[in-house]
Structure formats: C-alpha cells, structure tokens
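Participant: A single structure is presented below for examination.
The values are calculated or read from the model by the stated rules, or taken from the named source; none is laboratory data. Note that this is a predicted model, so its numbers are computed, not measured. Cβ: placed from backbone, ideal geometry, glycine included. Neighbour counts: every protein chain shown. Side chains included, ligands, DNA and RNA excluded: accessible areas come from the protein's heavy atoms. Shrake-Rupley method; radii C 1.70, N 1.55, O 1.52, S 1.80 Å.
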Amino acid sequence: MYNFKEIEAKWQAQWAQDEVYKVEENDKEKFYVLDMFPYPSGAGLHVGHPLGYIASDIVARYKKLRGFNVLHPMGFDSFGLPAEQYAIQTGQHPAITTATNIKRYKEQLKRIGFNYDWNREVQTSDPNYYKWTQWIFKQIYNSWYNKDTDKAEPISTLIEKFENNGTYNVEAGIEEDWFKELNLDNFPFGEHFAGEFTATDWASMNAIQREKILSHFRLTYLSDTWVNWCPELGTVLANDEVKDGVSERGGYPVVKKLMRQWSMRISAYAQRLLDDLEGLDWSDSIKEVQRNWIGRSDGAMIRFELENHAENIEVFTTRPDTIFGVSFMTLAPEHPLVETITTSDQKDEVNRYVEAVKNKSERDRQANAKTISGAFTGAYAIHPFSGEKVPIWISEYVLMGYGTGAVMAVPSGDQRDYDFAKHFNLAIPPVFEDVDISESANPTKDARVLEGSFLAGLTGHEAIKKSIEEIEGQGFGNGKVNYRMRDAIFSRQRYWGEPFPVYFENELPRLLSDEELPLTLPSVDKYLPTEDGDPPLGRAHKDDWPIFKGDRMECNTMPGWAGSCWYWLRYMDPSNSEAFCDPEKMKYWGNVDLYLGGAEHGTGHLLYSRFWVKILYDLGFIHVNEPFQKMINQGMIGGVIEYILMRKEKTNGQAHFMCKDLAEKEGLENFVKIAVRTDIVSEYGQANSYLTQEALQQFSKWMPEFEHATFECGQGVLRDGNFESKGGESSWLVTKSEQGKMGKRYHNTVDPVEICDHYGADTLRLYEMFLGPLEQHKPWDTNGITGVHGFLKKLFKACTEATDESAANKKELKAIHTLIKKATEDIDRHSFNTVVSAFMIALNELNAVKSKNKEIFKTFAILISPYAPHIAEEMWKVLGQDGYIVNATWPAFNEEYLTEDSYAYPISFNGKMRFKLELPMGLSKEDIEKEVMAFEKTAQYLDGKDPKKVIVVPNKIVNVVV
RNA sequence: ACCCUGGUGGUGGAAUUGGUAGACACGCAAGACUUAAAAUCUUGUGGCCUUAGGGCCGUGCGGGUUCAAGUCCCGCCCGGGGUACCA
C-alpha cells in the first residue's frame, strides 16, 4: 500500500534532520543550478510556481547522482513593490508581513520536497544582505566607463587623467553633450565651454566644482530626467516596468515627468551586452528580446545650423543618403530649443500644443499614435549641403527619449514624415530615380539617387557611406551608432527597498563609509507613497535614521531589481560579513550553469544582472563576465478565469448582475468584467443557471466591495444585503470563462499543498513534468493526474513484491536499460516530460514479464529519484539498502541489451559501398526475399550518396547501417 | 506594422539528425470482480471503406525538393508572446 503521506512526511523530516542537502565546496566538479527566486507575496505559491523549481530540482538531483558537487539554493526577493503593496493593504510593517509570507512560502516549498540547502538562503530585505547591495552601489558610484580600455574603471583613474592632462584623451562612455547640463556659474571656463578643459583648469577648481564634473562621468549619477511617473503607485518606473502606457503592476496610468533621479549608466554597456549574447546558451527568442531592447541602429549625427540663432540642432538618422530629401525638421515638444527658437507670432500655437501634449498620459499618447498633430515654430534651419531654408516643426511623433529628440524629415522615404507632410501640406521632394511616392513613402535603399548632388547615381547603400564621409569631411556631423536602450532609472519613491548609502552636503551626494553599512531603513508613520513624488523616507525625522550625516539623507530607495542583480553570487557565501562573497568560493562556483525562470524578465532582471556582473568584472571583483551561462524559460501555468459582467454605475458602489441579453443590447462597454472564484460560478451561476438569493448574498459577503451593492436577478433585488422578492420572470447570470494567468486577483489559484494532501508531492512533481514541454505555456488541469498517481502506486506495489535476488533476465535488462538511456539523454537535453512516459513504459514492460528482480527495482529507484525523491527513498529502503538514495550513483546503460535479434545481409554495389540489411527474426523465406528486393531497389538510389542511417519503407522495417 | 513562437486524434502531448505518425497518459467503450458503487484488472480506441484478409485518406492551407516530409524550401491562414511613432 502506497501511503504517500506517511512516506513523504518521514523522509522530509529525516532529510532535514541529517542535513542531507547541505553543500560545501570540495574537490569534485561543481554544478550550479539556480531558480529565479520568488517575491514572497501574500497570496502564497500556486501550482504554477513550482514548475521551474521541480525541473531544476530534477537537474540538481540528477547531477549529484552523476558525481557533481551541486549548488542548488533558494531565497526570496523580498524587497519591492508587491511586498510593500501587501504591507499597505494590511497595515503592518513590511518586515513583518514579509517574514510571514516567507514562512508560508518555505512551508509550501518544503512540502514539495526540494533539495535546497536552506543554510544558504538569502533574503534581499535582510540588512546583512543589502549591506552588500549598498556596497556594490558604492563601487558603481566610484567608477566611470573608459572607452579606450572598454571597461569600467575606478573614478581615481579619471581624476588622475584630469590632473595630468585635463580632458585630453579622455574617452568616456557618456553622452557627448554631457556638459550642457552643467551649471557653469563660478567655473573657470567661460560660457563657450564645450566639454573640454585642461589640467590647469582642473587644478583651479574647488572640490565642489570637481565633484559636479565627476558626477557626469560616474556609472551611477543624479540627473533631471524625463521619467515614467505613476501617480497611483507614487513612484517612478523603469521602462521595463511600463507596459502599454500603464504600470506593469496594477495597471495604473503613467505620465512623463521631469524629476531628479539616480540612473545607472547601462548605455555604456550596450555594445558589450549585445555582443556577449553570442556566447550564451539561451533561447533565440529571449536573446532577440534583449537585442530589440538594446536596439542598435547605425547611422549618422548631423548638425543643422539655425537661421538667426547661434545654437544648432543635431539629428540622428539611419538614412543620411536621403539628406537631399529633407523638406522640414521635427522636434519633440519637450526639446529644450523649442522655447528659444519659436518666433513670437507662432508662440501661442506652439505653447498650446506643448501644453496639450504635456497633459496627456502615456497611454493616451500611444492611443492617438495614428492621429497626426504638430505645430510650426516659425524658425528655420539651414540645409548643410544645399543651404536652403528648412522649416522647423514640433510634433509628438518625435520622442525626446530617442536619439537627440529631433529628426530631419524625409517624407519621400519615411511614412511618418510622409503623413505629416501630407497633413500640413509640406513638400515631398523625391530622392531616388524611378521610385513611386505618389501614394506613400518608399524606404528602399536599392534605388539610385537622382541627379543634382554629389550622391547622384549611387544606390542607397553606397550613398549612406559616401554621405557620412562627406558630412564628416565638412565637419557638421559624424557616423554614429545609436542605441534605443536608455540609462536605467535607479531610484524609487518607496519605503520598502534598499536605502541609498548616500547623504547630501551642499546638494552634492556623499557616500557613507563601508563601516557605516548597512544603512537600515528608518521608521516612519506611514509606508504609503505620496502622490506628489516625495519619498516616504522623507517622513523620517533626523533621529529616526540610524545614521544621519550632512544636510539630509537620500530618501529614495533602490528599485526591486537591485537586490536580484547579484543574489546568485551571495548563495556561494551567504553569511560572509567581510565581503559580498569570498573570492575563493567564487572561483570554485564560477557562474550559474543552468538558470530557470520566466521569459518575462528578459528586459529587466536578466539584463540588469548581466550589466552589474560586467561592472563587477571590470572592477576586478569577480572573474566571470556573464552570470547565467545556460537558461531555460519555463512556460506559465495558466488557469481558467471566470468573469461575471456587472453594470458600471458611477453612483456609490452600485452594481447589478445583468441579464445577458440586456448586456448585449446596451453594449458591453457599459459593463465591468470581474473575475470571480470558479466554485462560486459553478455552484451558483453557470451561464445557463438561475441566480438565487443565497448566491447573491454569498457573493456580496465574499467580495466586501459589493457588500452594499445592488444586485438584480430573476427572483428579485438584493440591496444592502436585504432581498426583495419580485417573482415572475427569470434572468441569467452572465458569465464568461477565459484561459488566462493564474493569480490571486483572478481567484483561480491552486495551492500545491492541496495537491500534495490529495495525491502526494511525488505525484505533483511527476504530473507537473508530465503536463508537457517545460517551455510551453499550458493551463492547469488535473485531468491526467490520476494516471500519474496510479503509476506510482503500481511502482510501489511492484517494488514491495520484488524478492528475487538472482541475476536479471534479458527482458528485464532490456526494459531497464532502455529506461536508463532515455532518462539520461532526456534529462541532459532538458526534455523532462518524455522521461515520465519512459518510466511508465518501463514499468509496463516489467509488469508484463512479471519481474520481481530486486536489482532491477533498485536501479529503477535511482532513476526515478530526481523526479519522485520520497518514493525512491522508500523503495531504496524496502529493497534493503542503507543510507540515502541521494548518495547513490547514476547507472550507465549498456547498448548490448538494447539491440534486437536479427539476421544481417551484407550487400555491396560497384565495390564502393556496403550496406548491412538487418531483418527481424522469424520472417518466412518469401518475406526475407521480398525485403531484400525492396532493399536493393532503395539501395540503388543510395549508391554513391552518403546515408548515415536508412530505413527502407515500402513493406517492413529495415535498418540500414553504413 | 515588425520580431520571436507555435498549429499533430475527443483532450494533454510523443516522434532527438528527413525514415513504421499518434508513444505515454487522460477520456470514452466493452468485459472481469462486486448485491451495488468506488477501487483494481483485461481488451479496444485517428478517419473512411471492408464479412474478413486488407485497402484508401490523414500532422492549419496551397505548391515544391526527395526513393522517403509532421520534420527541409517557397507562398498563405490562424493562435500565443514581445516591441511599437526608435527617425
């Protein structure tokens, strides 16, 4: 009798007691397998979470059996928005709710029987951990990017350069116009400063002035930036945290706002992040996501002089070959020159337009993407080659965040410019010969440039090269590679995050010393963010801070991704108080051999981790250049979401269940879709069942926001919990099922512990693998779980009946060796689902030959132990083995047991090639002759070719081995 | 719009490099045991035709390459994901 409850509880207790999964550095070969650690949200784990964890656990156990020293840790990404949101909702300190949530997560994880070494657990919100996040921040702050050596260097090397030669020969990975943001008051150089100064200049500056200059070179810096501001969440968001113009978390509107923020200079690493993707064993799709995000484009920077103004406008273009097709210029409405150049008679119109754009949310801006709008500034630029006047417009289709925030418009070659020109009646000069531009723009590069310029007769491709040469030669521009990826905004106006180890003196940032770390969070009355952008830490008084220095402390906190950038290093040495990790240990464990997690982190965590690792590598703190060598992105497990339709009512909390026909008649836009618990729907209101009084009452009790709502159904009306019967006609509860994500807000989560109670952890593990390919998204359903559970029952039964000590026979050996081969090869290529089938096939075959052989089942136990460790451990004991199966050795398969008995007919053609024809035993003479004839026919085709393996099809199976 | 993915029975999915398509499991059907149910076991199960032996058709659609195509090539259709005025 397979008593999984008893077996699983017993072994889990023993593993814990004997610390079976404790890992230490030794002289064996290492293998590091890592899962993306979870956010400990209040909802607990659902059955989707363990999917990747089970796979990594299988790999970890398998590698251990193969003789590797395996590091397989787990921890919690306990800082960040979700933990704080939960704290705000429940009114408790985030540290307390986080601890509670982590406890629940750990209980759930332990129940599934993972082989984590919990001694190595890390929590990003633990001061002993974020001490080092703050320390790393300090290293990044104290660095600059040297383009000559193409790596980050300590800021001291830059200071040395400034002291010796000023900016001469300094090639830094920063924007060329960095000096424009410098407030030049009191600096030794005049107002025509163009970013270059001498050693003498440097020597004449005071400390504050020097610091102001250095801050423009540091890898993390404060600047006034247009940020994604989310008023609802009360914080700025990084680009990857904004989806479709709303916040990824919560779906709140996001607007652009100019704020003083910390940024990380990831742009300096764009090319290396792009290049090093080559060497990674990641899926093409996730590499592609990163490539697109980095968004390299090759082109040119071109400077246009202005009529009547000293300033000039720089544009970036990928098509300098079309420069003679320029008929106007467009600036982003936020472009700093807009105010300067707008003529007085255009001022009103331009101001009106700029205001209108400013007040639009990101979502509105995206929604109106197709509508053409803009305003003429009244100013003109001078075409660098022809000297013609080019009118300057502003329009929101030009983004301040990309390139220079200004474009040279070539309507004949760019559809957006074309549409703009048509709309405002601007010229559309042709660029290429024989290209039709009467209906739309034509972006071809294959046509030849029209007569009348130095580019005449060249194809677009040739003209790009030639035009850049000419632009550089005449000194009004240069060839340039541009990246779409912006520097990452690093501060959040939040409470629950790492405090910056920074204070301010005279508005200049200063770092705390290493001895003063960790800087822990001060206590505040409220964790709630404010709508105007003042961080909650600003509520703390001077005395509330554990350390208070200078004029004020930095009150922003670091974003959620800070702690997760380097956690994989901390697992190697989790309790080190002298360093973030012992170098010897880093040397042993190297980087992560196999990383499992969702592909949704492609532009966030996975990019930022690579970025930080490269900085730490450049600065010599670590010796690996990439964190995650190989990665598998497990698919999401979805659930069925049941929606009900409710009438939207602006009046206080009113809601109605509506009858379906009516909803359709009134138009669905008047209704809200609300996800509800599946059992509520199935119990009380399938689409075609009546909604009863109890159903309504239960429902309004269950969702507190509808406690005082009004519900209508066929039998009457429920108001404030009082039901008024109206009798007579009936109406339907409108429901709709959709496949979607699994999550608390959809009320469709399934707790893995529930499954463990019902079928056991081993069944859950096996079943989640059996569901299908790991990478694939799939809905959760328990339809097939009985099959897997039944298999384990049968396996256990067969095992308890195995008493035969003698040597295994041929059939048994064939069954088990087929399984060894399949399990080995499939785990190696991470095809976890097919192995489960192989287990079942092997057991079916052993049962068919009524095998009772103990050796065979011992081997079976080892093979299944990565998948179903509890039952394997129990089998091991039942079969009379001592010790833990974890310490067993993975069996090798013997090809000899796998070959079929067969006759072999050697045949040769023209003395060139020889084939061996293998036929199954027991064929009649005629059959064999038939086979040989069919084979000869095929072999004639093959003669002279080079087959590796051939199976002749016409009649029966025939294997050909060259 | 662009870039990734995927499309195979009633269902989830196998088929590793082109080589017996549908492994394994669910579901369904029939049978055994049982007073009955559950559990368990046995058998069958892509479609169409055939009394049978067997035959024909079948991997989203249309073409092609090959002795041989779910797999490779060309052109479409549909689903999922990412990016989105990126100059």
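Participant: Whose amide H sits under 5 Å from the amide H of A:Asn69, counting only residues 5 or more places off or on another chain, with H placed in the peptide plane?
Facilitator: Excluding prolines and chain starts, which carry no amide H, the hits are A:Glu29, A:Lys30, A:Phe31.
Participant: Roughly speaking, to the nearest percent, how much of region A:343-476's 1.4 Å accessible area is carbon and sulfur?
Facilitator: Answer for region A:343-476 is 48 percent, counting heavy atoms of protein chains only.
Participant: When the Karplus curve 6.51 cos²θ - 1.76 cosθ + 1.60 is applied with θ = phi - 60°, which whole-Hz ³J(HN,Hα) does each residue of region A:380-392 get, with x for Gly and Pro?
Facilitator: In residue order, the calculated couplings are 10, 9, 10, 5, x, 9, 8, x, 6, 7, 10, x, 10 Hz.
Participant: For A:Glu626, what is the net charge nearby, where nearby means another residue's Cβ is under 15 Å from its Cβ and Lys, Arg count +1, Asp, Glu -1?
Facilitator: It works out to a net charge of 0.
Participant: Taking amide H positions as placed 1.01 Å from N in the peptide plane, with prolines and chain starts having none, which residues 5 or more places from A:Ala379, or on another chain, fall under 5 Å of its amide H?
Facilitator: A:Thr343, A:Ile392
Participant: Give me the one-decimal Kirkwood hydrodynamic radius in Å for region A:202-241, with the sum taken over alpha-carbon pairs.
Facilitator: Its Kirkwood hydrodynamic radius stands at 12.7 Å.
Participant: Sum up the charges of everything whose Cβ sits under 15 Å from the Cβ of A:Lys347, counting Lys and Arg as +1 and Asp and Glu as -1, but leave A:Lys347 out.
Facilitator: Residues near A:Lys347 contribute -4 overall.
Participant: How large is the translational diffusion coefficient of region A:294-405 in µm² per second when you combine the Kirkwood radius over alpha carbon pairs with Stokes-Einstein at 37 °C and 0.692 mPa s?
Facilitator: Using the Kirkwood radius from Cα pairs, D works out to 221 µm²/s.
Participant: List the relative contact order of region A:152-264 as a percent without decimals, with contacts defined as Cα pairs under 8 Å and 6+ residues apart.
Facilitator: 22 percent
Participant: Defining a contact as two alpha carbons under 8 Å apart and six or more residues distant in sequence, what relative contact order in percent does region A:199-303 show?
Facilitator: Over region A:199-303, the number comes to 23 percent.
Participant: Would you mind checking A:Lys22/A:Lys811; A:Lys22/A:Lys151; A:Lys585/A:Lys630; A:Lys5/A:Lys858 for any pair whose Cα atoms are more than 30 angstrom apart?
Facilitator: In this structure, A:Lys22/A:Lys811; A:Lys22/A:Lys151 lie more than 30 Å apart at Cα.
Participant: Per residue, what accessible area does region A:404-493 have, given a 1.4 Å probe and all protein chains present, in Å²?
Facilitator: With the other protein chains kept in place, region A:404-493 gives 48 Å² per residue.
Participant: Dividing the Cα radius of gyration by the Kirkwood radius, what Rg/Rh value follows for region A:179-222?
Facilitator: Looking at region A:179-222, the ratio lands at 0.93.
Participant: While we're here: Find the centroid of the Cα atoms in region A:804-864 and in region A:386-424, then give the distance between the two in whole Å.
Facilitator: First find each Cα centre; the distance between them is then 68 Å.
Participant: In addition: Mind ordering A:603-611, A:332-340, A:24-32 by average Cβ neighbours within 10 Å, highest first?
Facilitator: Ranked from most to least packed, the peptides come out as A:603-611, A:332-340, A:24-32.
Participant: Could you order peptides A:814-821, A:462-469 by the average number of other Cβ atoms within 10 Å of their residues, highest first?
Facilitator: Highest to lowest by the protection proxy: A:814-821, A:462-469.
Participant: Local charge sum around A:Asp804 (other residues, Cβ-Cβ under 15 Å, Lys/Arg +1, Asp/Glu -1)?
Facilitator: The answer is +2.
Participant: What's the whole-number percent of alpha carbon pairs in region A:486-589 lying beyond 21 angstrom?
Facilitator: Here the tail beyond 21 Å accounts for 45 percent of pairs.
Participant: I would also like to ask the following. Taking the Cα atoms of region A:11-162, what is the range of coordinates along each of the three principal axes, in descending order and whole Å?
Facilitator: On the principal axes, region A:11-162 reaches 65, 50, 26 Å in Cα extent.
Participant: State, as an integer percentage, the relative contact order of region A:500-561 based on alpha-carbon contacts under 8 Å between residues 6 or more apart.
Facilitator: Computed over region A:500-561, the figure is 44 percent.
Participant: If you count, for each residue, the other Cβ atoms within 10 Å and average over each peptide, how do A:1-8, A:394-401, A:106-113 line up from highest to lowest?
Facilitator: Answer by packing, highest mean first, reads A:394-401, A:106-113, A:1-8.
Participant: Multiply the residue gap between A:Arg260 and A:Thr343 by 0.36 nm, knock off their C-alpha separation, and tell me the result in nm, one decimal place.
Facilitator: Gain on extension, A:Arg260 to A:Thr343, equals 26.8 nm.
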